[in-house]
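Q: Pasting in a structure now, in structure tokens, and then I'll have a few things to ask.
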Amino acid sequence: MTFHEHDVVVLTEDLPATGLRRGDVGTVVHVHERSAYEVEFTSATGDTIALLPLIASQLRAAAATDVIAVRSA
């Protein structure tokens with residue numbers, strides 16, 4: 001799948017080194033060549049938790065049927 005800047009995406013795998021988990025929601029802030037994306041993950045108050053490069057297979061598009069939940073880091 002191809003994503004564009006400002007797309008809302010969902011992480012498809014845990015990333016233990018960053019504290020991110022499968023299902024966490026982020027925003028594409030930059031599109032790199034070869035299906036790589038810079039994605040920002042924020043807290044509920046808007047603070048950046050992580051800003052990292054990911055590949056398309058680590059992401060999926062957010063769906064209208066997704067429910068946003070809150071968890072503590």
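Q: Filter the range 17-63 down to the residues that are among the acidic types (Asp, Glu) and over 12 Å from GLU5 (Cα atoms) and list them by number.
A: At the first step, the residues of the range 17-63 found to be among the acidic types (Asp, Glu) are 24, 33, 38, 40, 47.
Across the range 17-63, the qualifying residues are ASP24, GLU33, ASP47.
Q: For the range 1-26, how many residues are open to solvent by 40 Å² or more (accessible area, probe 1.4 Å) and within 12 Å of LEU52 (Cβ to Cβ)?
A: Counting residues in the range 1-26 that are open to solvent by 40 Å² or more (accessible area, probe 1.4 Å) and within 12 Å of LEU52 (Cβ to Cβ) gives 3.
Table: residues versus (1) touching a residue at least 40 places away in the same chain (Cβ under 8 Å); (2) out of contact with any Cys (no Cβ under 7 Å at 6 or more places or on another chain); (3) not basic (Lys, Arg).
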residue	(1), (2), (3)
THR2	yes, yes, yes
HIS6	no, yes, yes
ARG21	yes, yes, no
ASP24	no, yes, yes
ALA36	no, yes, yes
ALA50	no, yes, yes
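Q: For ALA69, state whether it is of a type in the set (A, V, I, L, M, F, W, C), on the phi < 0 side of the Ramachandran plot and in a loop (DSSP other than H, G, I, E, B).
A: Taking the combined requirement at face value, the residue satisfies it.
Residues are listed down the side, and each one gets a yes or a no for (1) under 15 Å from VAL8 (Cβ atoms); (2) among the aromatic types (Phe, Trp, Tyr); (3) within 12 Å of the chain's Cα centre (by Cα):
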position	(1), (2), (3)
ASP24	yes, no, yes
THR27	yes, no, yes
GLU33	no, no, no
VAL39	yes, no, yes
ALA50	no, no, yes
LEU59	yes, no, yes
ALA63	yes, no, no
ILE68	yes, no, no
ALA73	no, no, no
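Q: Among the numbered criteria (1) part of a loop (DSSP other than H, G, I, E, B); (2) open to solvent by 90 Å² or more (accessible area, probe 1.4 Å), which one does ARG60 miss?
A: (1)
Q: Take the conditions farther than 21 Å from SER72 by Cβ, touching a strand residue (DSSP E or B) at 6+ places or on another chain (Cβ under 8 Å) and assigned to a loop (DSSP other than H, G, I, E, B) and apply them to GLU38. Does it pass? Outline the logic, then answer.
A: Numbers: farther than 21 Å from SER72 by Cβ: yes; touching a strand residue (DSSP E or B) at 6+ places or on another chain (Cβ under 8 Å): yes; assigned to a loop (DSSP other than H, G, I, E, B): no.
For GLU38, the condition - farther than 21 Å from SER72 by Cβ, touching a strand residue (DSSP E or B) at 6+ places or on another chain (Cβ under 8 Å) and assigned to a loop (DSSP other than H, G, I, E, B) - is not met.
The values are calculated or read from the model by the stated rules, or taken from the named source; none is laboratory data. The structure displayed is predicted, hence computed values, not measured ones. Heads up, the Cβs are rebuilt from the backbone with ideal geometry, glycines too, and the neighbour counts pull from every protein chain shown. Surface accessibility is based on the protein's heavy atoms, side chains included, excluding ligands, DNA and RNA. Shrake-Rupley method; radii C 1.70, N 1.55, O 1.52, S 1.80 Å.
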